[in-house]
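Student: Take this structure, written in structure tokens, and hold onto it; I'll ask about it next.
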Amino acid sequence: MALRTWAEQFAGGAVPEAMAALNARHPWSHNDHFHSWILANLPAGRRTALDVGCGQGGLLAALASRFTAVHGTDRDGAMRGRAATRCAGLPNVFIHDGTWIDGPVDLVTMVAVLHHLDVADALERVRSILEPGGRFLAIGLAPPQDVTDHLWDLASIVTNPAIGYVKHPWPSVDGASGPVVPVKDPTMSFAELREILADVMPGAAIRHRLGFRHTIAWTKPS
């Protein structure tokens, strides 16, 4: 049984209720939290960046000052509208529907998006449009499967309110809001994803992270 399911049932549900109340007082965005990791691992080439599944455009805005042109794609019209509003006044940011732009590009990013796609096909497309020396940086989700996955899940459960307190020290008057972006539960495990990466993007680094996330970093060989 996954630790999350066990935690929901432990002590008749009292513990998860208390944790949920604490998280609601100190909410934080698990996806936005990793934007700084992406910005710290940008490629040397800074001409064109593509954010697949750009959502509300937060990462597009952060990349705008670092690249000549930044493109965001999203299948959801409401998300594209929010991204356009967020990036208004940034003339080098371009927002498209779900269609990928043609390469070459220096950076491709995905934040909680890869599990919405056909993973192998998406990784092949990333590899094909990246410039030599270009980077693929992704934040992902995967259901826990082996012991290591469950230990990271437990660490995320325990540290989630602590991180929320650091990032949002004053109690929220609104509580934790529900997701405003399209969501889908991941089905591919960390180990399965690692196998596909080894085949499509040899040398890619995939790492467990707190916040129920993992990161993927790959540089296309020159």
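Student: Would you mind finding the one in Val119, Val181 that is modelled with pLDDT under 95 and among the hydrophobic types (A, V, I, L, M, F, W, C)?
Tutor: Matching residue, one of Val119, Val181: Val181.
Student: Take region 183-198 and flag every residue that is open to solvent by 100 Å² or more (accessible area, probe 1.4 Å) and free of Cβ contacts under 8 Å to residues at least 12 places away in the same chain.
Tutor: Val183, Glu195
Student: May I ask you to list pairs of residues, at least six apart or on different chains, whose Cβ atoms are under 8 Å apart, with the first in region 123-146 being on the phi > 0 side of the Ramachandran plot and the second being crowded, with 23+ Cβ neighbours inside 10 Å and part of a strand (DSSP E or B)?
Tutor: Filtered contacts from region 123-146: Gly133/Asp106.
Student: Now, a different point. Kindly list, by first and then second residue, each pair from a residue in region 79-92 that is of a type outside the set (Lys, Arg) to a residue that is assigned to a helix (DSSP H, G or I) and surrounded by 14 or more Cβ atoms within 10 Å (Cβ to Cβ), limited to pairs with Cβ atoms under 7 Å and residues at least 6 apart or on different chains.
Tutor: Close Cβ pairs satisfying both conditions: Ala83/Leu60; Cys87/Leu60; Cys87/Ala61; Leu90/Ala61.
Student: Still on this structure: Determine the pairs where a residue that is closer than 8 Å to Leu210 by Cα, located within region 151-164, has a partner that is assigned to a helix (DSSP H, G or I) and modelled with pLDDT of 70 or more with Cβ atoms under 9 Å apart, the partner being 6 or more residues away or on another chain.
Tutor: Between residues of region 151-164 that are closer than 8 Å to Leu210 by Cα and residues that are assigned to a helix (DSSP H, G or I) and modelled with pLDDT of 70 or more, the close pairs are Trp152/Phe190.
Student: Can you pull out the residues in region 52-80 that are in a helix (DSSP H, G or I), open to solvent by less than 40 Å² (accessible area, probe 1.4 Å) and out of contact with any Gly (no Cβ under 6 Å at 6 or more places or on another chain)?
Tutor: Once the filter is applied, which keeps residues that are in a helix (DSSP H, G or I), open to solvent by less than 40 Å² (accessible area, probe 1.4 Å) and out of contact with any Gly (no Cβ under 6 Å at 6 or more places or on another chain), region 52-80 yields Gly58, Leu59, Ala61, Ala62, Leu63.
Student: Taking strands (runs of 3 or more DSSP E) that fall entirely within region 92-159, which contain at least 2 residues that are farther than 18 Å from Ala217 by Cα?
Tutor: Counting at least 2 such residues, we get 93-96.
Student: Let me ask you something else. Here is a check on your reading of the model: is Val93 modelled with pLDDT of 90 or more, over 18 Å from Ala138 (Cα atoms), β-branched (Val, Ile, Thr) and over 19 Å from the mean Cα position of the chain (by Cα)?
Tutor: The answer is yes for Val93.
Student: Okay, moving on. Which count do you get for residues in region 15-44 that are polar (S, T, N, Q) and either at pLDDT below 55 or under 13 Å from Leu63 (Cα atoms) (or both)?
Tutor: Residues that pass the stated criteria total 2.
The values are calculated or read from the model by the stated rules, or taken from the named source; none is laboratory data. In this text, all values refer to a predicted model and were calculated from it rather than measured experimentally. For neighbour counting, all protein chains shown are included, and Cβ atoms are generated from backbone atoms with ideal geometry for every residue, glycine included. Only protein heavy atoms, including side chains, enter the accessible area calculation; ligands, DNA and RNA are left aside. Shrake-Rupley method; radii C 1.70, N 1.55, O 1.52, S 1.80 Å.
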